[in-house]
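Here the structure comes first, spelled out in structure tokens, and everything after it is commentary.
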Amino acid sequence: MTTPHREVTVAGDRPYRIRIGPGLLDDGDTLAETVRGGEAMLVSDRNVAPLYADRVADALRAARPGLRLHRHVLPAGEAAKTLAHFADVTHALAEARLRRDASVFALGGGVIGDLAGFAAACWMRGIDCVQLPTTLLAMVDSAVGGKTAVDLPQGKNLVGAFHPPCAVIADTAALRSLPARELRAGLAEVVKYGALGDADFLGWLDDHADALLTMDDAALADAIARSCAHKAAIVARDPFEHGERALLNFGHTFGHAIETEQGYDGLNHGEAVAVGMVLAARLSEVLGLAPAADTARLQALLQRLGLPVALPSGLDPDRLLAHMRLDKKAQADGLRFIVWDGVGRARVLAGVPEAAVQDVLRG
Ligand SMILES: NC(=O)c1ccc[n+]([C@@H]2O[C@H](COP(=O)([O-])OP(=O)(O)OC[C@H]3O[C@@H](n4cnc5c(N)ncnc54)[C@H](O)[C@@H]3O)[C@@H](O)[C@H]2O)c1
Ligand SMILES: O=C(O)C(=O)C[C@@H](O)[C@H](O)[C@H](O)COP(=O)(O)O
Ligand SMILES: [Zn+2]
């Protein structure tokens with residue numbers, strides 16, 4: 001069975017396809033397309049596995065009779081994206097005695113995608129990984145591009161590797177079971193693509209905000225495909241973030257600092273990025289780069305989408321700044337931020353004075 005779907009290709013040395021459409025988790029031929037060996041490990045979390053793991057397993061076995069499919073289920077949520085759970089997955093791979101031609105299937109949101117992807121990157125120095133994103137955020141962002149990692153108490157994604165997937169298979173019907181808060185979190189990363197490089201897309205999001213919030217199928221499929229096309233183009237040009245790819249970090253220097261300071265138990269990633277994008281726009285204003293009207297427009301759209309736009313109360317600006325000094329974009333010349341010259345015109349700015357960042361954090 002081949003399900004009708006949209007496709008985006010991520011070009012490069014090892015190109016791969018992103019498939020987007022309803023029913024793909026039941027499409028064994030598509031799921032098995034890149035499987036080379038006779039064994040695989042399905043990694044998922046305690047919310048997602050009961051909903052979808054059996055269906056994926058049945059579809060894979062129907063397409064590949066004899067495939068030895070193992071399963072490892074982790075606790076759900078950002079707090080599980082740790083070195084300890086990464087170690088658990090590697091022990092499960094060892095127990096299953098997976099060889100180099102085996103595949104890891106990462107079934108879940110960005111937490112599972114990042115963690116299982118990192119385990120696939122490290123097991124025997126790298127085995128195949130198929131991303132099966134089940135959150136909007138994972139479909140539009142984390143499953144694509146090959147960044148894998150776990151968090152440390154000291155900072156987000158500090159231990160990780162670039163390990164592009166062999167395929168990304170996004171079953172949009174899985175979004176039906178997604179909690180509303182998680183849908184909104186994914187919309188933050190969708191807005192990011194418009195904010196950083198596509199003013200027309202931001203206008204489209206203004207026009208389709210209600211349709212997206214009510215999960216209109218056509219609007220969601222458009223938003224996912226357009227977001228994936230944006231990310232695929234940037235990743236193809238700069239897979240290892242030597243330059244342009246850093247634009248995908250718009251809002252993340254602030255956002256990651258918030259997540260770290262809250263011990264990965266406060267705002268979720270998309271929410272933190274929403275706040276971070278507004279702060280990045282304010283920073284651009286403080287530096288005299290962009291008009292206040294553009295910050296107001298971004299803020300209004302994020303608020304319409306039900307996302308937070310201000311720092312949660314009680315966070316200490318000095319501690320946030322300390323987290324930012326360990327941001328992966330920081331260099332010997334100091335902090336580097338993704339700023340913008342206005343909607344759709346983001347760029348990397350080095351040597352940003354900490355006093356300007358403090359101004360923004362103190363409101
Ligand atoms: N690698 C990248 O390029 C990249 C990009 C963006 C974000 N990220 C990372 O992604 C993570 C955030 O991902 P996320 O927002 O998907 O969070 P998540 O993986 O924690 O998923 C959110 C919640 O939704 C549940 N869930 C997932 N799919 C579901 C479904 N279909 N039905 C019901 N419940 C479901 C999960 O169990 C979890 O409780 C962060 O760690 C972030 O750093 C990575
Ligand atoms: O793919 C990228 O590049 C991104 O920056 C996408 C971000 O949305 C994502 O949150 C990523 O994990 C952040 O990367 P990091 O290098 O800042 O940890
Ligand atoms: Zn992100």
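The values are calculated or read from the model by the stated rules, or taken from the named source; none is laboratory data. All values reported here derive from a predicted model rather than from experimental measurement. Note that each Cβ is placed from the backbone with ideal geometry, even for glycine, and that neighbours are counted across all protein chains shown. Heads up: the accessible areas ignore ligands, DNA and RNA and are worked out on the full protein's heavy atoms, side chains in. Shrake-Rupley method; radii C 1.70, N 1.55, O 1.52, S 1.80 Å.
Things worth noting here:
- From the list 220, 213, the lone residue that is away from ligand 3 (no atom under 15 Å from the Cβ) and open to solvent by 50 Å² or more (accessible area, probe 1.4 Å) is 213.
- Residue within the stretch 197-213 that is on the phi > 0 side of the Ramachandran plot and modelled with pLDDT of 95 or more present: no
- Residue match in the stretch 125-132 (condition: open to solvent by 30 Å² or more (accessible area, probe 1.4 Å) and part of a helix (DSSP H, G or I)): yes
- Residue match in the stretch 254-275 (condition: farther than 30 Å from residue 214 by Cβ, within 16 Å of ligand 1 (Cβ to nearest atom) and over 17 Å from the mean Cα position of the chain (by Cα)): yes
- Pairs, first not assigned by TED's automatic domain parsing to the domain that holds residue 146 in the stretch 240-265, second in a helix (DSSP H, G or I) and charged (D, E, K, R), C-beta under 7 Å, six or more apart: 244/237; 248/231; 250/192; 251/192; 261/319; 264/78
- Residue count for the stretch 13-36, restricted to those that are farther than 21 Å from residue 65 by Cβ and open to solvent by 50 Å² or more (accessible area, probe 1.4 Å): 5
- Members of the stretch 330-363 found to be assigned to a strand (DSSP E or B), touching a strand residue (DSSP E or B) at 6+ places or on another chain (Cβ under 7 Å) and not β-branched (Val, Ile, Thr), listed by number: 337, 340, 346, 347, 349
- In the stretch 137-207, counting only strands (runs of 3 or more DSSP E) that sit wholly within it, the ones holding 1 or more residues that are within 10 Å of ligand 2 (Cβ to nearest atom), open to solvent by 10 Å² or more (accessible area, probe 1.4 Å) and within 26 Å of residue 263 (Cβ to Cβ) span 147-152, 155-162.
- Residue in the stretch 240-249 that is surrounded by 23 or more Cβ atoms within 10 Å (Cβ to Cβ) and either within 12 Å of ligand 1 (Cβ to nearest atom) or on the phi < 0 side of the Ramachandran plot (or both) present: yes
- Residue in the stretch 40-47 that is open to solvent by less than 10 Å² (accessible area, probe 1.4 Å) and in contact with an Asp or Glu (Cβ under 7 Å, 6 or more places away or on another chain) present: no
- The stretch 240-263: number of residues that are near ligand 2 (Cβ under 8 Å from one of its atoms) and charged (D, E, K, R): 2
- Only one of the numbered conditions (1) without any contact (Cβ under 8 Å) to a residue 24 or more places away in the chain; (2) open to solvent by 30 Å² or more (accessible area, probe 1.4 Å); (3) not aromatic (Phe, Trp, Tyr) is not met by residue 295, and that is (2).
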